[in-house]
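**Q** Mind having a look at this structure? Questions to follow.
The values are calculated or read from the model by the stated rules, or taken from the named source; none is laboratory data. Here the structure is a predicted model, which is why all the values come from computation and not from measurement. Reconstructed Cβ throughout: ideal geometry from the backbone, glycine too, with neighbour counts over all protein chains shown.
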Amino acid sequence: MQTEFRSALKKSGLRVTPHRIALTHALATAHSPKTADELHARIKNADLVTIYRNLQNLVAANLIHEVRFKDGKVRYELARDDHHHHLVCTGCGTVDELEGCGATGLESKVLTQSQNFASVDEHSLEFFGTCKGCALNKH
Ligand SMILES: [Zn+2]
Ligand SMILES: [Zn+2]
Ligand SMILES: [Zn+2]
């Protein structure tokens, strides 16, 4: 797995550093998007400034993506081949990774409603709800 990150970093032109390897490894094993603070807690011997800088490098190299939920925090996840969305519990913050997009056709539909835009290039679409655990606790 580590060799995989190594070659991905190399391919994107980024210098392979133990810290960048640690960051991508932490994101790969995380199962849901993580904030810089959460990554900071997982990675020893790295200050937050360095983590932010490396996260920006990795975003610029398209190895990781930024994800934003309603709390205004920026979260990060590994860029995978599949574009997808998330389902977030408003009670406890549990995140489900959804498969695929399901919004195919929406971008062109949106574009027909606009007089001012020449193209829609991407979208960000997250879903919010109550997980089963939180639903049980409410009753
Ligand atoms: Zn919940
Ligand atoms: Zn995801
Ligand atoms: Zn989508």
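**Q** Quick check: anything in segment 59-81 in a helix (DSSP H, G or I) and under 13 Å from the mean Cα position of the chain (by Cα)?
**A** Yes, segment 59-81 contains a residue that is in a helix (DSSP H, G or I) and under 13 Å from the mean Cα position of the chain (by Cα).
**Q** Since Gly93 meets every condition but one in (1) without any contact (Cβ under 8 Å) to a residue 12 or more places away in the chain; (2) within 16 Å of ligand 3 (Cβ to nearest atom); (3) part of a loop (DSSP other than H, G, I, E, B), which condition does it not meet?
**A** For Gly93, the failing item is (2).
**Q** Checking Gly129 against (1) touching a residue at least 12 places away in the same chain (Cβ under 8 Å); (2) within 14 Å of ligand 1 (Cβ to nearest atom); (3) within 29 Å of His25 (Cβ to Cβ); (4) out of contact with any helix residue (DSSP H, G or I) (no Cβ under 8 Å at 6 or more places or on another chain), only one condition comes out false. Which one?
**A** Single failed check for Gly129: (3).
**Q** So, one more: Given the residues Thr90, Thr35, Thr130, Thr94, which is the only one that is within 16 Å of ligand 2 (Cβ to nearest atom), among the hydroxyl-bearing types (Ser, Thr, Tyr) and over 25 Å from Arg20 (Cα atoms)?
**A** Thr94
**Q** Just the residues that are of a type in the set (D, E, K, R) and either under 22 Å from Val67 (Cα atoms) or in contact with a Pro (Cβ under 6 Å, 6 or more places away or on another chain) (or both), please, taken from segment 116-139.
**A** Asp121, Glu122, Glu126
**Q** On the basis of being surrounded by 13 or more Cβ atoms within 10 Å (Cβ to Cβ), in contact with a His (Cβ under 6 Å, 6 or more places away or on another chain), modelled with pLDDT under 95 and not polar (S, T, N, Q), does Leu98 make the cut?
**A** yes
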